[in-house]
Amino acid sequence: MKIRYILPIAMAFTSFADAVELHHVIVRKGTDGLDMVPLTIANAGDEGLSCNADFAHWYSAGIATVDPGKSVRIELWFDPKSATFTILNDKRENLPVERLWCGLSGRAYATRGQITLDRTDAAKGERAVSCAMGQDSLVCR
């Protein structure tokens with residue numbers, strides 16, 4: 001018997017209901033128990049910047065644009081229990097930040113440079129970076 005006949009028959013008897021188990025997720029709201037750690041991004045280059053946050057491996061969003069010679073302040077929040085940085089959305093839900101990066105406007109992904117965050121930033125209560133174009137990508141220090 002050919003596989004093209006066996007595979008559909010086998011799949012017909014498989015329970016797809018067991019393939020995915022859904023769980024109710026409680027989304028944390030507000031800033032109780034969180035420390036504010038504002039992030040200032042200065043554009044030291046000649047072109048505009050587009051800055052983005054990756055909140056999950058499948059979801060990212062633009063968080064700021066920065067004109068040349070200007071800077072922007074972004075409200076970050078730090079959870080000392082989980083060592084997680086978050087950004088609040090318009091519903092005040094906590095969006096855990098996996099990665100922050102900026103790139104040149106119009107080609108942000110191709111020129112992106114990552115902005116690192118760690119516990120020392122939270123201990124200082126702030127983080128400031130200046131971004132300028134390096135050889136192939138943006139460098140934010």
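Does Val72 satisfy the criteria of being over 22 Å from Ile26 (Cβ atoms), β-branched (Val, Ile, Thr) and either crowded, with 19+ Cβ neighbours inside 10 Å or in contact (Cβ under 8 Å) with a residue 60 or more places away in the chain (or both)?
Working: over 22 Å from Ile26 (Cβ atoms): yes; β-branched (Val, Ile, Thr): yes; either crowded, with 19+ Cβ neighbours inside 10 Å or in contact (Cβ under 8 Å) with a residue 60 or more places away in the chain (or both): no.
In short, no.
Just name the residue that is nearest to Asn52 (Cα to Cα) out of those in the stretch 107-121 that are in a loop (DSSP other than H, G, I, E, B) and touching a residue at least 24 places away in the same chain (Cβ under 8 Å). Reasoning before the result, please.
Kept after step one, since they are in a loop (DSSP other than H, G, I, E, B), are these residues of the stretch 107-121: 107, 112, 116-118.
This time we only want the ones that are touching a residue at least 24 places away in the same chain (Cβ under 8 Å), so: 112, 117.
Numbers: Arg112: 9, Leu117: 14 Å.
In this case the residue turns out to be Arg112.
Among the residues making up the stretch 102-135, those that are of a type outside the set (A, V, I, L, M) and in contact with a helix residue (DSSP H, G or I) (Cβ under 8 Å, 6 or more places away or on another chain) are Cys102, Gly103, Arg127. Among the residues making up the stretch 109-140, those that are more than 21 Å from Glu75 (Cβ to Cβ) and either surrounded by fewer than 11 Cβ atoms within 10 Å (Cβ to Cβ) or out of contact with any Phe, Trp or Tyr (no Cβ under 7 Å at 6 or more places or on another chain) (or both) are Tyr109, Ala110, Thr111, Ala132, Met133, Gly134, Gln135, Asp136, Ser137, Leu138, Val139. All of (1) out of contact with any Ser or Thr (no Cβ under 9 Å at 6 or more places or on another chain); (2) surrounded by 17 or more Cβ atoms within 10 Å (Cβ to Cβ); (3) under 15 Å from Tyr109 (Cβ atoms); (4) among the small types (Gly, Ala, Ser) hold for Ser50 with one exception: (1).
Please determine whether any residue of the stretch 44-51 is over 27 Å from Ala123 (Cβ atoms), at pLDDT below 95 and part of a strand (DSSP E or B). No - not one qualifying residue is present in the stretch 44-51. When the stretch 86-106 is filtered for residues that are closer than 14 Å to Cys51 by Cβ, touching a strand residue (DSSP E or B) at 6+ places or on another chain (Cβ under 6 Å) and assigned to a strand (DSSP E or B), the ones remaining, listed by number, are Ile87, Arg99, Leu100, Trp101, Cys102, Gly103. Looking at the stretch 52-63, which of the residues that are in contact with an Asp or Glu (Cβ under 7 Å, 6 or more places away or on another chain) and small (Gly, Ala, Ser) is modelled with the highest pLDDT? Ranking the candidates gives Ser60 first.
When the stretch 82-106 is limited to residues that are in contact (Cβ under 8 Å) with a residue 12 or more places away in the chain and among the charged types (D, E, K, R), the one that is farthest from Asp32 (Cα to Cα) turns out to be Arg99.
The values are calculated or read from the model by the stated rules, or taken from the named source; none is laboratory data. Model, not experiment: these values are computed from the prediction. Using ideal geometry, Cβ is built from the backbone for each residue, glycine included, and neighbour counts are taken over all protein chains shown.
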